[in-house]
Amino acid sequence: MLRPFLCATALLALTACDGGSGGTSISINSSDGNAAGSLDGNGEAMIDTPFFKGKVKLPKLQLDASDFEMNGVKLYPGSTIGAMHIDAQDRPDNARDGRVRVTFSSPAAAETVRDWFSAKLTAADFKVQPHGSGLIGKTDEGQPFLLDLKPAGASKADGVITIG
């Protein structure tokens, strides 16, 4: 019974952050499957729990490099987060359960961002190796980790981090 409340509380806490001109989309699914919440890039929030269901319009929220970290490693400096999906469900035979997926844009070439992440994550006890233009490996807790990067211009990259 407490998890749906915590899911809704987490989403509302995120919306209290100072929003910029852009917007980050966020979705959260609880581990028992009874609660979900989302915030789209335009500031529309949805909460669905056994106790409360509703939609509200909030200021846009723009998360950046300082708002996300993996064992002390933040995103490449100057990066902005486009979307964050947290799936805390734990259903048998569902490979997507327990995953965190973050999409972001960085102000540097994909190779520069990959090399920066490789050095920082290795220092944080992640086991990583090159995988295409990104990285693949395991977190310090043994969870699967994937960083996929694509060029988005001469000195920009779009990335997706998937943990779990």
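Remark on HIS131: its backbone amide H falls under 5 Å from those of ILE136, a criterion applied only to residues 5 or more positions apart or on other chains, H modelled at 1.01 Å from N.
For the cross-link pairs LYS74/LYS138; LYS120/LYS150; LYS57/LYS150; LYS53/LYS74; LYS57/LYS156, the ones whose C-alpha atoms lie over 24 Å apart are LYS57/LYS150; LYS53/LYS74; LYS57/LYS156. Counting only heavy atoms of the protein chains and using a 1.4 Å probe, ASP140 has close to 80 Å² of accessible surface. The residues HIS85, HIS131, sorted by heavy-atom accessible surface at 1.4 Å with ligands and nucleic acids left out, run HIS131, HIS85 from largest to smallest.
The values are calculated or read from the model by the stated rules, or taken from the named source; none is laboratory data. Quantities reported herein were computed from a predicted structural model and do not represent experimental measurements. With ligands, DNA and RNA removed, areas are computed over all heavy atoms of the protein, side chains included. Shrake-Rupley method; radii C 1.70, N 1.55, O 1.52, S 1.80 Å.
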